[in-house]
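Trainee: Next up is a structure, given as structure tokens.
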Amino acid sequence: MEPDTLPVRVDKSHLITIGERLYAESVELVRELVNNAYDADATEVHVAIGDAEIRVQDNGLGMDLEGLREYFTIGTADKRQHPKSPRFGRPRIGQFGIGKFATLSAYERFTVWTQHGGFAAEVVFDKTEWERAGDRWDLPLRVLPPEPARCDGTTVSLSRLYRRFDPSEVERRLLESVPVRAPDFAVFLNGRRVVGQRLPGHRIPFLEGTAFGPVHGEIVIVPAHLASATDLGIEIKVKHVTVRRELFGMQSWGREAARIRGEVHADFLPVTADRSGFVQDRDEYRAFLEVMDRVVVEVRRALGHLSDRKERQKSRQAVREAFRRIQLALARNPELSPFGPVPYAQTTGSLGGSGFVREERAEREGGREGATDAAAAGSSPSAVNGVRSVPPPQRRQRRPRVRRLTPNAVVQRVSLGQAGVTCCLDHFGPDGKEAFSEGTTIYVNRDHPLYVRNSRRRETHTLHVARLLTQEISMMKDPRSPRQAFERQSKLLRDAFGR
């Protein structure tokens, strides 16, 4: 009579083979052990990397006999049935329970010592002995007397290593795949705490809800000098563990994409078995992408604002330097100044901004000067036939207001001789005039192709702005012909940059 059932058998060697395919790098075994300590409510984990041994020791809850059975059970449902840790309520990271077997390609033996309350035990997993035992899957267990001097917790020692482990590579992987920033949790590697680097830059925190749970995190736009093509993208973390990095379409931004760093947390995302990606044909993943589309729009807006602010700073420096040189040139050539003589005292040395007055400050000071003049006029009344008469108050002349076309215009005012000249760098379109004047206000078009090209380098930027300023200043002198205006401009530029 033929049997009506068939036994399911698993070859021991397949367990190691499956593990090797699930975990491409042997360093994953350290990550697995540290995350197990996090799930066990440890507050400290100490990792020691040596040439012949790796030791991972934690002060978590430890394990009793039943806990050890669960520990050596592949695919146990305990963490799925109890997704939160008992002491701190942490979202538990481990899922499959295969990591300890998966990395036997890197070492031959590991020893587990654990203590929980009045129970202590040691289990030795020797790869050679285990394979020699044939169909037996049992491991030697030694129940030990508890050690009062040691707190509850678990220590795992990995020995007979086949491969060497670089501590710097282990640290990098721990930073990526272990919740090192979680509260009440600290990881130490060879005696030094593993702390995530806090990048400088403009920070964009966000928190959005979905039908499956919250999506939160922080994006950092680092300064341009810290931009790097290494580790591009935003870390996507599930239960504090980085699953992968993603650019979310930012690769089309060119070099600016290298300035984007940060992390996003979405614990509801379904993770593939090897933890290297997500199950993308699920509603959870689609809801996550909708949130990130909105976040990327905000990042793009902030990046544009920061880039424009940097450009305004560069433009302001170019205008200040151009005005400084023009002041020196006008002091040497007073006959070319439409503002009266420019004294050397006004332009000697590095101005340090003393010759420059912001538009708002200039208007305030102009008001005070007008009031002082009126008071002086009132204090010197004229007398006609012995009758004192007070002249009528004079209306203070308003300074010409600068026409601002955009909120990002760069406005710089400087005193030249007896007048104040204002330079306004603004956006007038690529087909607009290169420069033009209204009264003593000189407008420079930041969209003009020549300006765009020359603004890429500091030296050419300053020279280009000075050329446009001297062009308009020469025209303010009422030249007899364009030739005369051109000769005046040429002389000012030569004296401004030629000495």
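Here, each number is a calculation from the coordinates, and none is a lab measurement. Since this is a predicted model, take the numbers as computed values, not measurements. Using ideal geometry, Cβ is built from the backbone for each residue, glycine included, and neighbour counts are taken over all protein chains shown.
Trainee: With a/c under 1.5 counting as rounded, go ahead and sort the stretch 152-208 into rounded, prolate or oblate using the C-alpha gyration tensor (a ≥ b ≥ c being the square roots of the eigenvalues; past the cut-off, prolate if a/b is larger than b/c, else oblate). It would help to have the intermediate numbers written out before the result.
Mentor: Details: a/c = 2.73, a/b = 1.83, b/c = 1.49.
Since a/c reaches 1.5 and a/b is larger than b/c, the shape of the stretch 152-208 is classed as prolate.
Trainee: Still on this model: Using a Förster distance of 56 Å, how high is the FRET efficiency between R203 and R132, based on the Cβ-Cβ distance and rounded to 0.05? Don't skip to the end; give the middle numbers.
Mentor: On the way: r = 57 Å, r/R0 = 1.02.
Calculated value: 0.50.
Trainee: Students often get this wrong, so check it: of K433/K477; K310/K477; K314/K491, which have C-alpha atoms separated by over 32 Å?
Mentor: K310/K477
Trainee: I need the phi-derived Karplus couplings for the stretch 212-227: 6.51 cos²θ - 1.76 cosθ + 1.60, θ = phi - 60°, integer Hz, Gly and Pro marked x.
Mentor: 10, x, x, 10, 9, x, 8, 9, 10, 9, 6, x, 4, 6, 9, 4
Trainee: Can you give me the Rg/Rh ratio for the stretch 182-324, using Cα atoms for both radii and the Kirkwood formula for Rh? Don't skip to the end; give the middle numbers.
Mentor: Working: Rg = 18.4 Å, Rh = 17.2 Å.
That ratio is 1.07, to two decimals.
Trainee: Shifting gears a bit: Using label points projected 7 Å from each Cα along Cα→Cβ, tell me how many nm separate F88 and E335, to one decimal.
Mentor: For the pair F88/E335, the computed spacing is 8.2 nm.
Trainee: Along the stretch 455-460, what does the Karplus equation 6.51 cos²θ - 1.76 cosθ + 1.60 (θ = phi - 60°) give for ³J(HN,Hα), rounded to whole Hz, x for Gly and Pro?
Mentor: 7, 6, 10, 4, 5, 5
Trainee: What ³J(HN,Hα) values, in whole Hz, does the Karplus curve 6.51 cos²θ - 1.76 cosθ + 1.60 give for the stretch 243-250 when θ = phi - 60°, with x put for Gly and Pro?
Mentor: Values per residue, Gly and Pro as x: 8, 6, 9, 9, 9, 6, x, 6 Hz.
Trainee: Turning to a different aspect of this structure: Kindly list the residues of the stretch 226-251 that lie in the label zone of D184, defined by a backbone N under 11 Å from the point 7 Å along the Cα-to-C-beta vector.
Mentor: The answer is none.
Trainee: Going 7 Å from the Cα of V195 toward and past its Cβ, which residues in the stretch 152-174 have a backbone nitrogen under 12 Å from where you end up?
Mentor: none
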